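What follows is calculated from the coordinates using simple rules that are stated; it is not laboratory data. Since this is a predicted model, take the numbers as computed values, not measurements. Heads up, the Cβs are rebuilt from the backbone with ideal geometry, glycines too, and the neighbour counts pull from every protein chain shown.
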């Protein structure tokens, strides 16, 4: 994941992509109070998380609802069985934004066998993207 972040930071401006990615790992990857990740998403950014979903899996977080403790994700894996998972909401109608609404507590799980668990703190990874001013 770190490679992707560094590659986009270096090559993005060359290709006209005005984004900047910060690679976060370990204890910095959380959704608790004061989370830099949640703050970035609230301010128009996005984050890619490496988490568990029957094995290593990647999702894109595009929106957060801090008052209700939900993260909105684009998850490329379409699994109808998730509609039976208490708290997770499958969403239609936002194909360019998100297709899942997942409570924060799912991500904070350290048991890597649970759905959408970020796992043990020392193993967590995320890339947080923000839009750069075109002058940068």
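Structure above, values below:
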| item | result |
| --- | --- |
| Fewest-first ranking of 101, 15, using other Cβ atoms within 10 Å as the exposure measure | 15, 101 |
| Highest-first arrangement of 50-59, 121-130, where packing means the average Cβ count within 10 Å | 121-130, 50-59 |
| Burial ranking of peptide ranges 108-114, 20-26 (average Cβ count within 10 Å, highest at the top) | 20-26, 108-114 |
| Rounded to whole Å, sorted largest first: equivalent-ellipsoid semi-axes of the range 27-79, Cα gyration tensor | 20, 13, 10 |
| For 3, 94, order by how many other beta-carbon atoms lie within 10 Å, fewest first | 3, 94 |
| Residue-averaged 222 nm ellipticity for the chain, from DSSP H runs of 4+ at -39500 (n - 2.57), nearest 500 | -4000 deg cm²/dmol |
| Relative contact order (%) - the range 2-131, alpha-carbon pairs under 8 angstrom, separation at least six | 32 percent |
